[in-house]
Every structure is written in C-alpha cells, then in structure tokens.
Amino acid sequence: MSSVLGADRTTSADALVFAPGVYAPQSDTFLLADALEREPLGPGAEVLDVGTGTGVLALAAARRGARVTAVDRSWRAVAATRLNAARAGQRVRVLHGDLLAPAAGRRFDLIVCNPPYVPAPRAGVPRHGAAVAWDAGHDGRAVLDRICDGAAGLLHPSGALLLVHSALSGVRATLDRLRGAGLDAAVMERRVVPFGPVLRSRADWLERRGLVAPGEEKEELVVVRAERV
C-alpha cells in the first residue's frame, strides 16, 4: 500500500473534511496518488492540482516539499481543501476557477489532474449537482480534451502532466491529443476496478453505445504521463 496518503490510506482519508457534493477519494484518486509518489519532485517544485476536490493530491505533493497550487470550480471544494491543508499543517494555495484558467501565465514542474471523464447520456458538462464531478458528455472527453490542449502551456521544459481517466473515454485519443500539443505522452499506470454506482446505473446505455460488453462490470483506469520536451 502506497504511503502517499499516509501509513494507512483509509485512516488518512478518514482524517479529511468532506463537503456535500465534493468528490471524495476513490480508486482513480489512489491510482493517481501512486503515480504522484513515483514522480521525482525536488524541494520547492511547483505543482498544480486541477480539480482538487478534498485536496488529497495537493496535500500529498505539499508533504514532499512542493509549492502547491490547487484549483477547483466548486466553492465547497475550495473550502474543504483549505480546511484540510490547515488541519494537516501544509501550505497549499487554493484557487476557485475553471480547470487551468486560474493558473494562466504561470509555469509548473508537475500538473496532476483527475477530471470528470465518465461518458454520459446527456451532452456537455452539467453545471450543477454532484454529476459535475464525473459526467463529461457522450464520449467522456468534454473536459479531458481541454486539459490535453492546455497543459503544455503551463509546464516548464521537462515538466510533466499526470492525468487519470477511464479507458471508456479513449486512451488513444488522449495520447494523440497530448502528442499533438507537443508533449511526449505514454500510459504509466493501469488498474481494473469494479463499476461504481454511476457506471452500474448506465450499463445498458454504455452497452448500446458499444463502450462495454454485455454483462461487463469492470472498467480499466489509466494514468497518462505527458512530458514537455
């Protein structure tokens, strides 16, 4: 078990303050945390956590001595992350805003992002409600493509993006898009996990779309690492 969330991952998660409607740490969070732990971060490295939620990844980077900026479009997430950073005794700059926009004009050594990526029956991205944290249009790429297109402009040379999402959203599309933006991209982590409540509730729709096989009950999560060369 990774130590990035502390000696006991469950205990560390339980120590967090959660806000209603804010995405709580799940399998994708932990997979990205494992990738973050293996990333070489020198003292004072500049890290951007996009869609920080409760601040788990931001705190993991801060504990390693990084200078961390965390962003979320939810004011509740901003408040939860600020409170969790204070409780942990870690300095994290938490900004309210949409994806990469609050960090415009800055450069980072590492960007970590767990964006909404679940294919959904409705087009576009919801503006309100809990689904804001996971629904991302018919193909699940309404947010992923924006991250892929914009990350390179916020990275120092040799800086990297760590991006987690479901294979249902198109791994090849992510790699192609990042490479098209001038980044050297590859899958560095894979993990198969059972469907959660959201995917179980739309399994029939996913099957009709040809995204899952009949009776499928698991999905593959991937972490893509993309470096500015």
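So the values come out like this:
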{"quantity": "Phi to ³J(HN,Hα) by Karplus 6.51 cos²θ - 1.76 cosθ + 1.60 over segment 145-150, Hz, x for Gly, Pro", "calculated": "5, 5, 5, 4, 6, x"}
{"quantity": "Separation of alpha-carbon centers, segment 59-86 and segment 149-212, rounded to whole Å", "calculated": "23"}
{"quantity": "Max mean-square fluctuation residue, GNM over the chain, Cα-Cα springs under 10 Å, options 71, 112, 193", "calculated": "193"}
{"quantity": "The chain, helix-only ellipticity at 222 nm - DSSP H runs n ≥ 4, -39,500 (n - 2.57), divided by all residues, nearest 500", "calculated": "-8000 deg cm²/dmol"}
{"quantity": "Nonlocal amide H pairs with residue 46, under 5 Å, H built at 1.01 Å", "calculated": "67, 109, 110"}
{"quantity": "For segment 22-32, 3J(HN,Hα) per residue [Karplus equation, 6.51 cos²θ - 1.76 cosθ + 1.60, θ = phi - 60°, Hz, x = Gly/Pro]", "calculated": "9, 4, 8, x, 9, 4, 5, 4, 5, 5, 5"}
{"quantity": "Dipole magnitude (debye, nearest 20) for the chain, charges at Cβ of Lys, Arg, Asp, Glu", "calculated": "560"}
{"quantity": "Potential lengthening between residue 63 and residue 76 on full extension [0.36 nm per residue; Cα-Cα distance subtracted]", "calculated": "2.4 nm"}
{"quantity": "Under-5 Å amide H pairs with residue 70, H placed in peptide plane, nonlocal only", "calculated": "49, 93, 94, 95"}
{"quantity": "Residues whose placed amide H lies under 5 Å from that of residue 19, excluding near-sequence neighbours", "calculated": "none"}
{"quantity": "Cα→Cβ-extended label distance, 7 Å offset, between residue 188 and residue 203, nm", "calculated": "3.4"}
{"quantity": "³J(HN,Hα), Karplus 6.51/-1.76/1.60, whole Hz, each residue of segment 172-183, x for Gly, Pro", "calculated": "4, 4, 5, 4, 5, 5, 5, 5, x, 8, x, 9"}
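Quick note: the coordinates plus some simple rules give every number you see, no bench work behind them. All figures in this text were calculated on a predicted structure; none of them were measured in a lab. Note that we place each Cβ from the backbone using ideal geometry, even for glycine, and neighbour counts take in every protein chain shown.
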